[in-house]
Amino acid sequence: MKKLLWVSLAVVGLLGTPDSPVFADNYCQPACPAPAPCMVERTVLVPEMRMETRKICVTECRPETHTRKISVCKMVEERKEVPYEYCEWKAEPHTRQETYQVSVPEWKDVTTEYTVMVPQIEKRQGVRKVAKCVPTTEKRILCEQGGHWAEQQVQVQTFVRGCDACGRPTCCPQMTTCTQKVWVPEVIQKEIEVTVHKVVCEDQPFEYEVTVCKPETRTCTQKVCVPKCETRTRDVQYFVHVAEKKTGTRTVVCCKPVMEEKEVQCTVMVPHKVEKEVQVCVCHMVEKKIQVATCCPTPACAPAPTCCTAPAPACCQPAASCCRPAPTCCGAAPSCCR
C-alpha cells in the first residue's frame with residue numbers, strides 16, 4: 001500500500017508541478033495563447049500482484065520412542081507368626097428344682113338323656129291312575145290294488161333276411177307295428193269298520209305303607225374322664241457356658257511394598273524444523289508507458305519588459321508589448337496592485 005501511495009504521488013508530481021508547462025499562465029510568467037494540447041509519453045510504475053513459491057521454515061512434531069526408567073512399587077507377601085488371645089466357651093452342668101402342673105385323669109359315672117329317632121310303619125290311603133284297554137269301533141279307508149287288461153299298438157324292430165349286391169346273405173332291420181295286451185293298474189278305495197283297543201286312564205283308590213321316624217327320649221349311664229390338676233416337683237439339669245481365655249499363634253500374610261526400577265518405552269512428540277514451499281501473493285512494481293496531455297510552447301510570445309522591475313513602493317505598469325499583461329506586481333504594495 002505504501003508503494004502504491006508513492007507511485008500515485010509521483011504521477012501527480014509529474015502531471016501537476018508549478019514548473020511544468022501546464023502552469024504557464026502563473027504569475028510573473030510569460031503569457032501565451034491557448035494552443036492545442038500535445039500528448040507526451042511518460043513512464044510510471046504500476047503495482048502488479050503475482051503468485052510466487054517461497055520456502056518457509058515450519059516447526060513440526062514427530063513421534064519418537066524413548067526408553068526411560070521409572071520406579072514401580074511392588075507388593076511382596078511376607079508371612080509372620082503372630083500371637084493372639086481367643087475366648088473358648090466351656091459348658092458347666094447345673095441342677096435346679098422346678099414345680100410343674102400335671103393333669104391326672106379321674107373317671108366318674110354320669111347319667112345322660114338322649115333322643116333317638118325310632119322308625120314306625122303307618123298305613124295310608126291314596127288314589128292312583130290305572131290304564132285299561134277299551135275296544136272301540138272306528139271307520140277306516142282301505143286301498144285295494146286292481147286293474148284291467150288293454151290292447152295297445154307297439155312299434156317292434158324285426159330283422160328281414162336278404163342278399164347284398166355281391167350275393168352274400170344279410171339281415172336288414174325293419175320296424176313293424178303289432179298289437180299286444182298291457183295290464184293297466186288301478187287303486188280302489190273302500191270304507192270298512194275296524195275294532196281298535198284304546199288306552200283309558202281311571203282313578204283307583206289303594207292303601208300303602210309309609211315308614212315314619214318318631215323321636216324317643218332314653219337314658220344311659222357312662223363313664224366320663226374328668227381331668228384333675230396336681231402340683232409336682234422335679235430336678236432339671238442344665239448347662240451354663242463359661243468363657244475361658246486362651247492364647248495361641250496364627251500365620252498372618254502381610255504385603256510389604258518394595259520399590260523397583262523398570263524400563264518403559266514411551267512415545268514423545270519431538271519438534272523439528274522443516275522447510276516447506278508455499279504460494280505467496282507478492283506485489284511487483286512494473287513500468288508502464290502512458291500518454292499525458294501538455295501545452296505546446298509558442299516562440300512568438302515575449303515576456304513583459306517591466307514585469308517585476310519597479311521598486312517596492314511604486315506600482316507596476318502593464319507593458320504594452322506583452323501578449324497578455326501581468327496581473328499584479330510581484331513586490332508592490334497591496335494598495336498599488338490593480
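The values are calculated or read from the model by the stated rules, or taken from the named source; none is laboratory data. All values reported here derive from a predicted model rather than from experimental measurement. Quick reminder, even Gly has a Cβ in these numbers, built from the backbone with ideal geometry, and neighbours come from all protein chains shown.
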Might you check whether a residue that is more than 30 Å from Pro215 (Cβ to Cβ), at pLDDT 85 or above and either touching a strand residue (DSSP E or B) at 6+ places or on another chain (Cβ under 7 Å) or of a type in the set (S, T, N, Q) (or both) occurs anywhere in the stretch 116-127? yes
Whether any residue in the stretch 74-95 is more than 60 Å from the chain's Cα centre (by Cα) and of a type in the set (S, T, N, Q) is what I want to check. yes
Find all pairs meeting these conditions: Cβ atoms under 8 angstrom apart; at least six residues apart or on different chains; first residue within the stretch 269-280 and in a strand (DSSP E or B); second residue hydroxyl-bearing (Ser, Thr, Tyr). Pro271/Thr59; His272/Thr59; Lys273/Thr59; Val274/Thr59; Glu277/Thr53; Val278/Thr53; Gln279/Thr53; Val280/Thr53
If the requirement is being part of a strand (DSSP E or B), on the phi < 0 side of the Ramachandran plot and touching a Pro at 6+ places or on another chain (Cβ under 6 Å), which of these qualifies: Val134, Val127? Val127
Test result for Glu193, closer than 30 Å to Thr219 by Cβ and at pLDDT 80 or above: no
What's the number of the condition Lys132 fails, among (1) of a type in the set (D, E, K, R); (2) surrounded by 10 or more Cβ atoms within 10 Å (Cβ to Cβ); (3) within 30 Å of Thr176 (Cβ to Cβ)? (3)
May I ask you to list pairs of residues, at least six apart or on different chains, whose Cβ atoms are under 9 Å apart, with the first in the stretch 71-99 being free of Cβ contacts under 8 Å to residues at least 40 places away in the same chain and the second being in a strand (DSSP E or B) and of a type in the set (Gly, Ala, Ser)? none
Being surrounded by 10 or more Cβ atoms within 10 Å (Cβ to Cβ) and modelled with pLDDT of 75 or more is the filter; apply it to the stretch 159-179 and report the residue that is nearest to the chain's Cα centre (by Cα). Thr176
Somewhere in the stretch 287-302, is a residue over 30 Å from Cys38 (Cβ atoms) and either among the aromatic types (Phe, Trp, Tyr) or modelled with pLDDT under 90 (or both)? no
Tell me which of these Val270 doesn't satisfy, since it passes every other one: (1) touching a Pro at 6+ places or on another chain (Cβ under 6 Å); (2) farther than 30 Å from Ser103 by Cβ; (3) surrounded by 10 or more Cβ atoms within 10 Å (Cβ to Cβ). (1)
Suppose the filter is at pLDDT 90 or above, over 54 Å from the mean Cα position of the chain (by Cα) and part of a strand (DSSP E or B); does Thr247 pass it? no
Return yes or no: is Arg140 in a strand (DSSP E or B), surrounded by 10 or more Cβ atoms within 10 Å (Cβ to Cβ) and free of Cβ contacts under 8 Å to residues at least 60 places away in the same chain? yes
Counting only residues in the stretch 130-154 that are over 30 Å from Lys198 (Cβ atoms) and of a type in the set (Gly, Ala, Ser), the one farthest from the chain's Cα centre (by Cα) is identified as Ala150
Considering each of Val264, Val253, Val199 in turn, give the residue that is farther than 30 Å from Cys133 by Cα, exposed (fewer than 10 other Cβ atoms within 10 Å of the Cβ) and touching a residue at least 12 places away in the same chain (Cβ under 8 Å). Val253
Take the residues in the stretch 275-294 that are over 60 Å from the mean Cα position of the chain (by Cα) and among the hydrophobic types (A, V, I, L, M, F, W, C), then tell me which one is surrounded by the most Cβ atoms within 10 Å (Cβ to Cβ). Val292
Filter the stretch 107-121 down to residues that are surrounded by 10 or more Cβ atoms within 10 Å (Cβ to Cβ) and either among the acidic types (Asp, Glu) or not in a strand (DSSP E or B) (or both), then give me how many there are. 0
Any idea how many residues of the stretch 18-55 are of a type in the set (S, T, N, Q), at pLDDT 50 or above and either surrounded by 13 or more Cβ atoms within 10 Å (Cβ to Cβ) or within 30 Å of Lys276 (Cα to Cα) (or both)? 1
When you check Glu216 against the structure, is it surrounded by fewer than 10 Cβ atoms within 10 Å (Cβ to Cβ) and either within 30 Å of Arg96 (Cβ to Cβ) or of a type in the set (D, E, K, R) (or both), yes or no? no
